[in-house]
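Asks: Here it is, the structure, as structure tokens.
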Amino acid sequence: MIVSKPKHKTMARNDDPIQVFLSYFEKAKSLELPYYDAMTLATATREGKPSARVVLFKGIIEQEGITFYTNYHSRKGKELSDNPQAACVFYWPKIECQIRFEGQVKKLSDEESNIYWKTRPRDSQLGGVVSQQSQPLKNRFTFLKEFLLLKFKLIGKEVARPQHWGGYALTPNMAEVWLGKPHRLHRRFSYRKDAAGWYQQELYP
Ligand SMILES: Cc1cc2nc3c(=O)[nH]c(=O)nc-3n(C[C@H](O)[C@H](O)[C@H](O)COP(=O)(O)O)c2cc1C
């Protein structure tokens, strides 16, 4: 793994942290760690009031970054449209590894969102159409009724992706890899991006 061979210099031009992330992600996946693909996503209002929640990581798009899918009208969707700065963090306790990213978020193209939408189970598509994510729900029955009504209405038909549902990509300009070590002498590798590329330095834990 790239991070197991850090440079001795205090600061160094280094590999893309996305590649480092992918090597740990593949390890977590191959070990079938629970929710290995879950990340905590932090967003903030225009005024900087933060909020965080778990979403599923859905892959890396070259030049664009870390992708996830959600409802564009949800709380996170509204916060991202007002303030596109966000952060996400993965933690796999079994391999004592935490990886965090910060950067700018933008919506994926309709084409990219459509491709992923088509891979979703039909019931998840139906749920995505009827769920007014983050809005108050008077009672659960209302939601289930809306789901079933749509399910019957669309028998034999394709469930089209609604415009309010789609993907985002977080393009990182900061990353950090934390590796747990005995006696709390952990290792931290910080990555920052400038015009020349990624810059890595080790930090005190
Ligand atoms: C393991 C896990 C995975 C989740 N994955 C997603 C996801 O991929 N997309 C999503 O919109 N919400 C996902 N959720 C629900 C979110 O955590 C959150 O409740 C929802 O998106 C509404 O958040 P908001 O009101 O802050 O926008 C997931 C929750 C958990 C616990």
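No lab work stands behind these numbers, since they all come straight from the coordinates. Values in this document were obtained by computation on a predicted structure and should not be read as measured data. Cβ: placed from backbone, ideal geometry, glycine included. Neighbour counts: every protein chain shown.
Asks: Give the relative contact order (percent, whole number) for the stretch 2-203; include only Cα pairs under 8 Å separated by 6+ residues.
Replies: 26
Asks: Can you give the helix-only mean residue ellipticity at 222 nm for the chain, where every DSSP H stretch with n ≥ 4 adds -39500 (n - 2.57) and the sum goes over all residues, rounded to the nearest 500 deg cm²/dmol?
Replies: -8000 deg cm²/dmol
Asks: Evaluate E = 1/(1 + (r/R0)^6) for K94 and D15, where r is the Cβ-Cβ distance and R0 equals 22 Å; express this FRET efficiency to the nearest 0.05.
Replies: 0.35
Asks: Please determine, in degrees from 0 to 90 and to the nearest 10, the orientation of helix 17-30 with respect to the longest principal axis defined by the Cα atoms of the chain, where the helix direction is its Cα long axis.
Replies: The angle comes out near 70 degrees.
Asks: What FRET efficiency would be calculated for the residue pair S51, F143, taking the C-beta separation as r and a Förster radius of 22 Å, to the nearest 0.05?
Replies: Here the calculated transfer efficiency is 0.45.
Asks: Right, next: Taking 37 °C and 0.692 mPa s as the conditions, I'd like the Stokes-Einstein D for the stretch 2-203 in µm²/s, using the Kirkwood hydrodynamic radius from alpha carbon pairs.
Replies: Diffusion coefficient, whole number: 175 µm²/s.
Asks: If I fit a long axis through the Cα atoms of helix 110-119 and take the longest principal axis of the Cα atoms of the chain, what angle between them do I get, 0 to 90°, rounded to 10?
Replies: Value to nearest ten degrees: 80.
Asks: Suppose R0 equals 41 Å. What FRET efficiency, 1/(1 + (r/R0)^6) with r the Cβ-Cβ distance, do D110 and K181 give to the nearest 0.05?
Replies: 0.35
Asks: Within the stretch 50-117, list the GluC sites (Glu not before Pro) lying in a DSSP loop whose Cβ has at most 15 other Cβ atoms in a 10 Å radius.
Replies: Listed in order of number, the matching sites are E62, E96.
Asks: Give me D for the stretch 102-160 in µm² s⁻¹, whole number, from Stokes-Einstein with Rh from the Kirkwood sum over alpha-carbon pairs, 4 °C and 1.567 mPa s.
Replies: Once the numbers are plugged in, D ends up at 97 µm²/s.
Asks: Roughly what would the spin-label model give for K153 and T171, points 7 Å off Cα along C-beta, in nm?
Replies: That separation, rounded to one decimal, is 3.8 nm.
Asks: In whole angstrom, note down how far apart the Cα centers of the stretch 90-159 and the stretch 16-87 are.
Replies: What the calculation gives is 15 Å, centre to centre.
Asks: Which order do the peptides 46-54, 144-152 come out in when sorted by mean C-beta neighbours inside 10 angstrom, highest first?
Replies: So the peptides 46-54, 144-152, ranked by packing, come out 144-152, 46-54.
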